[in-house]
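The values are calculated or read from the model by the stated rules, or taken from the named source; none is laboratory data. What you see is a predicted model, and the numbers here were worked out from it, not measured in a lab. When we count neighbours, we look across all protein chains shown, and the Cβ atoms used for this are built from the backbone with ideal geometry, even at glycine.
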Amino acid sequence: MIVSASYRTDIPAFYGPWFRARLAAGRCQVANPYGGAPATVSLHPGDVAGFVFWTRNAGAFLEDLAEVRRRGWPFVLQMTVTGYPRGLDASTIAADQAIAQFKEISRRFGSAVPVWRYDPILVSSLTGGAWHEQNFARIAGELRGSTDEAVVSFTQFYAKTKANLAKAAAEHGFTWRDPDAAEKRALLQRLAAIAAKNGMVLTLCTQPDLAGNGIDAARCIDGQRLSRIANSEIAAREKGNRPGCLCAESRDIGAYDSCVQGCAYCYAVRSPAAALQRRRRHDPAGEMLIPPAEAAIKDRG
C-alpha cells in the first residue's frame, strides 16, 4: 500500500510531530470525509510500500524524511513552488526559501524524489499569462538538475474556491478569470517548452481535456517513480480519485480544512477561519490528525 501524506493538507509543514508519533505507533486513524466511521491505516513496515508527501514548506520535515529513508521506505515529495503574490498566498514561505529547500531535498535524497508542482495556475490581474511564463521560467531555471518533472493544472473553481477568491480579491484589489481551453492549451505549450529547456517533463494533473500535443497526464501517486527510487518493483494498480486521474491506489492520512497557509484558490479548505478552528483541535499525540468536534469536547471535559 502507498500512503499519501497528504493531498488534503500540508502534513510536512504543520503536522510533522503527529506523523512521527504515528510512524512510531505503526498506525493512524483517518476520518471519512464523506461521513461514516473512521478507518485505521496501518503504518507498519510490512504494510507500507512507500510514501508520497505533499507540501509547500518541508523545512521542519527534513529529519522525518531521513527517518523514512532509514526505515527503508521509498518516498516522493510533491512540492509546490509558485511564487505567487501575497494577495493569493497569504502565508506561504517565499519562493526563494522553497527553492532552497527543494534543492536540499534533491541533494540529500536524489533528484527523483522531489517533484515540482506549479499548480494550480490562476490567471488573474496579478498573474496573467506573461507573468506565469516569466515566473515559471525563473523557478524552472533555479530547479534545473534538481527534478525531472513539473506538474501543472489550472484552478478548479468550486463554490468554496470562488468564495475564498472573492474575499481575497475584495481585500487585495485584484480580479481573476477562467480562460477558455484554447488559451490554456497555448500557455501549457509555452510552459512545456520552458520545462524541456530545463531538463523537465511538463505533466498535467487531472485535466484530460487539456492534455495532448506532447503534454501527458500526471501520475502524482506514481508507482513507477517509487519503484525507480526503491530500485525494486512496487506493485500499484491505477485507481484515480476523479475522472482523468492516473494515480496509483493509495491511502491518504490527512484531513480537509486543516491547512492554515491561506491560499485563496485552495480546493481543500472551505475558509481560512475554518482551517484555523479545526487545527485547534489537533493533538500531536492523537491517533487522528483532526478529531471530530464532539471527541475534542469530550477530551477537554
LEU165 vs. criteria outside any loop (DSSP other than H, G, I, E, B), farther than 20 Å from ARG56 by Cβ, among the aliphatic types (A, V, I, L, M) and under 21 Å from the mean Cα position of the chain (by Cα): no
Pairs where the first residue, in the range 181-204, is closer than 16 Å to ALA218 by Cβ and touching a residue at least 40 places away in the same chain (Cβ under 8 Å) and the second is among the hydroxyl-bearing types (Ser, Thr, Tyr) and crowded, with 16+ Cβ neighbours inside 10 Å, C-beta under 7 Å, 6+ apart: MET200/THR147; LEU204/SER153
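The rows are residues; the columns are (1) at pLDDT 95 or above; (2) among the β-branched types (Val, Ile, Thr); (3) assigned to a strand (DSSP E or B); (4) under 16 Å from VAL115 (Cα atoms).
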{"site": "THR203", "(1), (2), (3), (4)": "yes, yes, yes, yes"}
{"site": "ASP209", "(1), (2), (3), (4)": "no, no, no, no"}
{"site": "LEU226", "(1), (2), (3), (4)": "yes, no, no, yes"}
{"site": "ALA236", "(1), (2), (3), (4)": "no, no, no, no"}
{"site": "ASN241", "(1), (2), (3), (4)": "no, no, no, no"}
{"site": "GLY244", "(1), (2), (3), (4)": "no, no, no, no"}
{"site": "GLY254", "(1), (2), (3), (4)": "yes, no, no, no"}
{"site": "SER258", "(1), (2), (3), (4)": "yes, no, no, no"}
{"site": "TYR265", "(1), (2), (3), (4)": "yes, no, no, no"}
Qualifying residue in the range 28-47 (condition: buried (at least 19 other Cβ atoms within 10 Å of the Cβ) and either at pLDDT below 95 or part of a helix (DSSP H, G or I) (or both)): yes
Matching entry among ARG185, ARG225 (being charged (D, E, K, R) and under 22 Å from the mean Cα position of the chain (by Cα)): ARG225
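Out of curiosity, is VAL115 outside any helix (DSSP H, G or I), crowded, with 20+ Cβ neighbours inside 10 Å, in contact with a Ser or Thr (Cβ under 7 Å, 6 or more places away or on another chain) and not aromatic (Phe, Trp, Tyr)?
Numbers: outside any helix (DSSP H, G or I): yes; crowded, with 20+ Cβ neighbours inside 10 Å: yes; in contact with a Ser or Thr (Cβ under 7 Å, 6 or more places away or on another chain): yes; not aromatic (Phe, Trp, Tyr): yes.
Answer is yes for this residue.
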Residue in the range 164-175 that is touching a residue at least 40 places away in the same chain (Cβ under 8 Å) and within 23 Å of GLY244 (Cβ to Cβ) present: no
Single unsatisfied condition, TYR265 versus (1) surrounded by fewer than 20 Cβ atoms within 10 Å (Cβ to Cβ); (2) in contact (Cβ under 8 Å) with a residue 60 or more places away in the chain; (3) within 16 Å of the chain's Cα centre (by Cα): (1)
Checking PHE53 against (1) in contact with a Pro (Cβ under 7 Å, 6 or more places away or on another chain); (2) closer than 18 Å to ARG279 by Cβ; (3) surrounded by 20 or more Cβ atoms within 10 Å (Cβ to Cβ), the condition it does not meet: (2)
Pairs, first part of a loop (DSSP other than H, G, I, E, B) in the range 119-148, second of a type in the set (S, T, N, Q), C-beta under 8 Å, six or more apart: LEU122/THR155; SER125/THR175; THR127/ASN135; GLY145/SER106; GLY145/SER111; SER146/SER106; SER146/SER111; ASP148/SER111
